[in-house]
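Visitor: Would you mind keeping the following structure in view while I ask a few things?
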Amino acid sequence: MSVTSPQIPQPESSSKHAEQPTQRDHVYFFDTTLRDGEQSPGCVMHSNEKLRMAHQLAALGVDILEAGFAIASEGDSESIRTIAREVGASPNAPVIASLARAKREDIEAAARSIEPATRGRIHTFLSTSDLHMAAKLNITREQALDQIGAMVALARTYSDNVEFSPEDATRTDPDFLVKVCTVAIQAGATTLNLPDTVGYCLPQNYADMFLNVRAHVPGIENIILSAHCHDDLGLAVANTIAALQAGVRQVECAINGIGERAGNAALEEIAAVLVTRRDQLPYEHHINMKQLYPTSQMLSTCISFGAAPNKAIVGKNAFAHAAGIHQHGVMANPVTYEIMTPESVGVPHNSLVLGKHSGRRALEHRLIELGHKLSHEELDAVYHRFTELADRKKTIYDQDLISLLQQTKATVPA
Ligand code: MN
């Protein structure tokens, strides 16, 4: 798909805050692994695990780290405070954010929890779709506008860094959404996040929503627009990329794509898209790509499941070439079937999975890696046994190869 990116106005003044719109070619990564991610089934983390993850996320280079939802529990609030103190207190630390409903007690709890951070953010939200306002909040559009104005202004009394999210933005009436954004900016919001809360949007719809608010909301050129996408239809990353092409400069995402229901947009996938398709998406970012795989692995040890084997970028099979014709190609020149290298995202080693579709060259290559350079005859003999074994066994591991080799060597004259 193609979305033409309209001319983005240049900011007039710079700001001390790194995530303010001083650089229009910079994409800010807002990580919500510890908030949206952690609130999904199987992802509950102890506060020491959250702290370990927060250190790793800082090493990964996320710009904003949403550490939790302070009002949710005493434990959550304490854990945000610990992260703000231990991870967020150095000059180059990520901004530490807490979520807060657009309510006084939520905002006050958020403000207390981020207080130790050098740079803290209050992220407040209110549903703005007619459906949510009627069914969930029992408020009118006018009441919603009043509440947004008052609560964003309240948040600004605690922090000069305030994000507002109209929940269910993608199912909000577009004209009303313009009013919502106008009120939030007038009240002092510095980031405006328009979430696809239920994962319903198509990429073009999502881009159009941002283009519409950019065209009609006064002062929008002075704030950062943000995308927050869910993967219910498998479109979270595609929608996020479409939003970038429509002028968004903050992406909300989570490691391994964890989050409510089908999850959030996967951080590692967005980062890999930016690096691999820089020809189309010429934006800078702070992500240290070699930390992607280690971060994914660390998260898997903190929660009750890992990435699916076929998960892009960080799955066990993401760089595994099983078919013989692919294996031959990758060994001749990795570019034949690899659009990025496993090493570039921190995967220790390109795993060539040996199985019945593997060719003689793949076998020879792996044996050399294991320290065994065979003669032509030896290789013939090992390959013959290898194909017999592969008929019975799906995947041939290094251990299998070693024992094959020993059996064969015994029968091949030196
Ligand atoms: Mn969400």
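The values are calculated or read from the model by the stated rules, or taken from the named source; none is laboratory data. Owing to the predicted nature of the structure, the values given are computational and were not obtained by experimental measurement. Here the Cβ is made from the backbone with ideal geometry for all residues, glycine too, and neighbour counts use every protein chain on show. Surface areas here come from the heavy atoms of the whole protein model, side chains and all, with no ligands, DNA or RNA. Shrake-Rupley method; radii C 1.70, N 1.55, O 1.52, S 1.80 Å.
Visitor: Any idea how many residues of region 110-140 are of a type in the set (Asp, Glu) and in a helix (DSSP H, G or I)?
Guide: Of the residues in region 110-140, 1 are of a type in the set (Asp, Glu) and in a helix (DSSP H, G or I).
Visitor: Among the residues of region 286-299, is any touching a residue at least 40 places away in the same chain (Cβ under 8 Å), within 16 Å of the ligand (Cβ to nearest atom) and under 27 Å from THR341 (Cβ atoms)?
Guide: No, that holds for no residue.
Visitor: ALA271 - would you say it is assigned to a loop (DSSP other than H, G, I, E, B) and surrounded by 15 or more Cβ atoms within 10 Å (Cβ to Cβ)?
Guide: When the stated conditions are applied, ALA271 does not pass them.
Visitor: Another question, if that's okay. I want to confirm something. Restricting to region 122-142 and keeping residues that are of a type in the set (S, T, N, Q) and in contact with a helix residue (DSSP H, G or I) (Cβ under 8 Å, 6 or more places away or on another chain), which single residue is farthest from LEU99 (Cα to Cα)?
Guide: THR140
Visitor: Only one residue in ILE71, ILE64 is among the β-branched types (Val, Ile, Thr) and open to solvent by 30 Å² or more (accessible area, probe 1.4 Å). Which one?
Guide: ILE71
Visitor: Tally up the residues in region 213-233 that are surrounded by fewer than 21 Cβ atoms within 10 Å (Cβ to Cβ) and either acidic (Asp, Glu) or within 16 Å of the ligand (Cβ to nearest atom) (or both), please.
Guide: Going through region 213-233 one residue at a time, the tally reaches 3.
Visitor: Of everything in region 94-113, what is in contact with a Lys or Arg (Cβ under 9 Å, 6 or more places away or on another chain) and farther than 21 Å from ASN193 by Cβ? Give them in sequence order.
Guide: Result: ARG112, single match.
Visitor: Okay, next question. Among what's in region 152-171 and is of a type in the set (Asp, Glu) and over 21 Å from ARG141 (Cβ atoms), pick the residue that is least open to solvent (accessible area, probe 1.4 Å).
Guide: GLU163
Visitor: Which one of THR240, THR301 is outside any strand (DSSP E or B) and open to solvent by 10 Å² or more (accessible area, probe 1.4 Å)?
Guide: Among THR240, THR301, only THR301 is outside any strand (DSSP E or B) and open to solvent by 10 Å² or more (accessible area, probe 1.4 Å).
Visitor: Still on this structure, please answer the following. Residue check, GLN143 against (1) outside any loop (DSSP other than H, G, I, E, B); (2) touching a strand residue (DSSP E or B) at 6+ places or on another chain (Cβ under 9 Å); (3) open to solvent by 10 Å² or more (accessible area, probe 1.4 Å), all met but one. Which one?
Guide: (2)
Visitor: Okay, next question. Quick check on my filter: what residues within region 276-298 are surrounded by fewer than 16 Cβ atoms within 10 Å (Cβ to Cβ) and not in a loop (DSSP other than H, G, I, E, B)?
Guide: Residues satisfying the conditions are THR276, GLU284, LYS290.
Visitor: So which helices (runs of 4 or more DSSP H) stay within region 359-414 end to end and still have 2 or more residues that are more than 18 Å from MET331 (Cα to Cα), of a type in the set (A, V, I, L, M, F, W, C) and modelled with pLDDT of 80 or more?
Guide: Filter on region 359-414 gives 376-392, 398-411.
Visitor: Which of (1) within 16 Å of the ligand (Cβ to nearest atom); (2) in contact with a helix residue (DSSP H, G or I) (Cβ under 9 Å, 6 or more places away or on another chain) is the odd one out, the single condition ALA242 does not satisfy?
Guide: (1)
Visitor: Consider PHE210 against the criteria (1) within 14 Å of the ligand (Cβ to nearest atom); (2) more than 19 Å from the chain's Cα centre (by Cα): it satisfies all of them except one. Which criterion is unmet?
Guide: Only one criterion is unmet by PHE210, namely (1).
Visitor: Answer yes or no as to whether ALA307 is buried (at least 21 other Cβ atoms within 10 Å of the Cβ) and either among the aromatic types (Phe, Trp, Tyr) or assigned to a helix (DSSP H, G or I) (or both).
Guide: It is false that ALA307 is buried (at least 21 other Cβ atoms within 10 Å of the Cβ) and either among the aromatic types (Phe, Trp, Tyr) or assigned to a helix (DSSP H, G or I) (or both).
Visitor: Go through GLY263, GLY247 for me and flag whichever is within 16 Å of the ligand (Cβ to nearest atom), in contact with a strand residue (DSSP E or B) (Cβ under 9 Å, 6 or more places away or on another chain) and on the phi > 0 side of the Ramachandran plot.
Guide: Of GLY263, GLY247, the one residue that is within 16 Å of the ligand (Cβ to nearest atom), in contact with a strand residue (DSSP E or B) (Cβ under 9 Å, 6 or more places away or on another chain) and on the phi > 0 side of the Ramachandran plot is GLY263.
Visitor: I want to confirm something. Restricting to region 21-52 and keeping residues that are open to solvent by less than 20 Å² (accessible area, probe 1.4 Å) and over 14 Å from the mean Cα position of the chain (by Cα), which single residue is modelled with the lowest pLDDT?
Guide: It comes out as PRO21.
Visitor: When you go through PRO203, PRO174 one by one, which is the residue that is more than 16 Å from the ligand (Cβ to nearest atom), open to solvent by 20 Å² or more (accessible area, probe 1.4 Å) and more than 27 Å from GLU38 (Cα to Cα)?
Guide: The conditions single out PRO174.
Visitor: Has region 252-263 got any residue that is without any contact (Cβ under 8 Å) to a residue 40 or more places away in the chain and charged (D, E, K, R)?
Guide: So far as region 252-263 goes, no, none of its residues is without any contact (Cβ under 8 Å) to a residue 40 or more places away in the chain and charged (D, E, K, R).
Visitor: Can I ask one more? If I go through region 39-64 residue by residue, how many of them are within 16 Å of the ligand (Cβ to nearest atom) and without any contact (Cβ under 8 Å) to a residue 40 or more places away in the chain?
Guide: Matching residues across region 39-64 total 1.
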